[in-house]
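The values are calculated or read from the model by the stated rules, or taken from the named source; none is laboratory data. Given the structure is predicted, the values throughout are model-derived calculations rather than measurements. We place every Cβ from the backbone using ideal geometry, glycine too, and count neighbours over all the protein chains shown. Just so you know, the surface numbers come from the protein's heavy atoms only, side chains and all, with ligands and any DNA or RNA stripped out. Shrake-Rupley method; radii C 1.70, N 1.55, O 1.52, S 1.80 Å.
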Amino acid sequence: MVPEHREVVRAKAIKAREERSLYHAVYEIKWPDGSSHWISAYGRGRYDAEGKADRMVGMIAEVTEQVKAQQRIEKLNTELKTALARAINSEERMKLAVTAAQLGTWFLAIASGEFIITSRTKEIYGFHEDEEVSLEQTMAQIIDTHRDEVRMAMEMAIKEGSPYDIEYPIIRLKDGELRWLRAVGRKYSAIANAAVEHFSGTIMDITEPKAEDQRKQDFISIVSHEMRTPITSINGYIQILEAKAKKAGDQINADIAAKARRQVARMTGLVSGFLDMARAGEDKIYLYKNTFNLANMVAYTQAEVLATVTTHQIIFQPCPDVLVKADQEKLEQVLDNFINNAVKMLASWKRCTSELPKKRSLRKS
């Protein structure tokens, strides 16, 4: 790992471990041959019976091309803004940067409606290089399900000056192929020293990164599904053994079966965690709902907390039987986090108050 990333990544891992949250970091590494590569890592801590994190399970993926593409876009947009502000002398340099990054550009004069796109933009959409293309023609290539979203984003950028950064699919005109594009732009008030309100920016083809991300999602979904099938069968067998042991009055084997069933439930949670990591980029939280007794969940959390927290007195009020349909694992995690955070805050408060008399005595002396 490149040295300047190490402490940042370490801090993220520690925070995820302490908060029992999802760990995510993007960082640069160097291969033995000296080449630079970028890694995207997701993970989640696993905890022993005492509530201590003893390992982290996760996945990594190389995202060098995506990071470099993002860096090119950011660099290009900076250069584009500078070029438009400084006038014609910087125009050639901007064109060279656009060409090198394989990006297209567009220009829309807000007052007149004049629409200009570069040859690369025409190529991305599948238009011929020598034909005149209107804004409506480019909008027509966007798939119906995304067209209104793109149009609304453009209107918001022009009317309110809000950021314009959007991904959408098109049907390329020349071959009918589905392609994914990313457009980044903004509203400008002038070109050089002339007051010309316009909306302009860059566009790039992101079909391959999108396809790679989809392959990753499909792979994790398939693996998780295939893992769930044998786990479900094992859970069924354990329940049968547990029931038979209880019926026969064999309490020892009944307890062993109950513990095994709990471990199977943890394995199910682990599989679900893999799916959560795969979906982390969607900015969504996925809930796995089932019907359970809230009192039982609180009782289980109470047993876990009292077994791990010995420095403070924690009092649990009786909870009545309440059937709820929710994600039990996530609720358990939230309740556990609330209690542990309260313990940490109280410990910090006690440390602060214990130092007050010392400070006062020093001032008096």
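Numerical summary
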| quantity | calculated |
| --- | --- |
| Which listed residue is open to solvent by less than 80 Å² (accessible area, probe 1.4 Å) and more than 22 Å from residue 52 (Cβ to Cβ), from 322, 334, 305 | 322 |
| Residue among 353, 291 that alone is modelled with pLDDT of 80 or more and hydroxyl-bearing (Ser, Thr, Tyr) | 291 |
| Failed item in (1) under 19 Å from residue 79 (Cα atoms); (2) open to solvent by less than 50 Å² (accessible area, probe 1.4 Å), with residue 189 passing the rest | (2) |
| Count - residues of region 27-60 that are buried (at least 17 other Cβ atoms within 10 Å of the Cβ) and hydrophobic (A, V, I, L, M, F, W, C) | 3 |
| Residue list for region 1-54, filter: of a type in the set (Val, Ile, Thr) and assigned to a strand (DSSP E or B) | 26, 29, 39 |
| Residue list for region 146-176, restricted to those being in contact with a Lys or Arg (Cβ under 7 Å, 6 or more places away or on another chain) and open to solvent by 30 Å² or more (accessible area, probe 1.4 Å) | 158, 161, 163, 167, 172 |
